[in-house]
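The structure appears below as structure tokens.
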Amino acid sequence: MINDYNSLSGLQKVAVLFSVVGEGLAMSLIKGLSKTEVRKIRSTLQTLGPISFSVKKRVMEEFYFGFLSEDVGANGTDGNAIHPFEFLKDLTDEQLFALVNKEDAPVVAMTLAQLEPEKRMQIVNKFDPVLKGQVLIELGSLDDVPLEGVIEVGARLKEKSTYLPRTTEFSRGGAKDIADMLGGMDSGEQERYMQTLQNENPDLAGEVKKYFLTFEDILEKFPDNIKRELFVAPDTTDLALAVKGLDQEVIDGIIDMLPQKKQAMYEPLEGAVSKKEIDVKRKELFLDKAKEMDKEGTISIEDILGGGEMVE
């Protein structure tokens, strides 16, 4: 068993880090590792054998506080120090508040501890009195938090921060601009972004939904006469691609809207198709067309999605 921390080389310390927090998290913390360097780290880890808890703790402390005693780069890494909360400096006060508002008090305290005192108090003062008191208490007991936990929290919040609205959209509440931005994402990104927005700012999420049109909205909320106009326009080959993956009952309802000649020409699309290809076709044929109709005044997407009265 390895008990002597001072006997470890820089490369071995990185290997110990990989063993403690896992390869995925370690690689997200140490940027710029090449495939060759990662292979060296894996190989080194296999040769280390058992490692004492005290050695693991020393390695975690060294990486967390950014004091590498050797030039790790000479042994196969770039020697970058780990700063789990470095991303916070790029966030506005509004974004910081949204990031931690739904988190437990210990996580809020851990995050705020990374900020300058003035900014820290600006965020704390946005909380209700109960949470503010809990956070202030937790700020005094962060020494009890394991360093592994600090790094894991930093990595999770960094991932979460990527789904926060952009600065101008969030601070000004530009719901329509956010909806337009969502329209350029794939369906998976849209779902993650909307879920984050719902969790962090339900009021803004509600406003965004008034403008954020999805293919499912067209199927479920649009009047039949508007749906008929949208579904009749494409040729049957494009239509078959766009409806791929829908329940057969829904497809049958769409086909019934077509003129008899088009109904006779329609043939379902056989074989597997990528979801991205289907999403692109739905946007091209239906979402973009519906937005054109909205601009022309033929329909009001805000009224339809917001529950306003529609007359056929």
How big is the stretch 215-305 by Rg and Dmax over its Cα atoms, in Å? 13.0, 39
Under 19 Å from LYS209, Cα to Cα: lysines that are on another chain or at least 8 residues apart: LYS176, LYS221, LYS283, LYS289, LYS291, LYS295
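Please give the length that would be gained between ASN125 and THR237 if that part of the chain were fully extended, namely 0.36 nm times their separation in residues minus their C-alpha to C-alpha distance (nm, one decimal).
34.5 nm
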Give LYS158/LYS276; LYS102/LYS160; LYS244/LYS281; LYS35/LYS276 a once-over and call out the pairs whose C-alpha atoms are over 21 Å from each other. LYS158/LYS276; LYS35/LYS276
So, for the Cα atoms of the stretch 86-162, Rg and Dmax in Å stand at 11.5, 30
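Relative to the present Cα-Cα distance, how much length would full extension add between GLU267 and SER300 at 0.36 nm per residue of separation? Could you put the intermediate results ahead of the total?
Working: separation 33, 0.36 × 33 = 11.88 nm, distance 3.26 nm.
Result for the pair: 8.6 nm of gain on full extension.
FYI, it's all coordinate maths here, none of it is from the lab. Everything numeric here is computed off the predicted structure, so don't read it as measured data.
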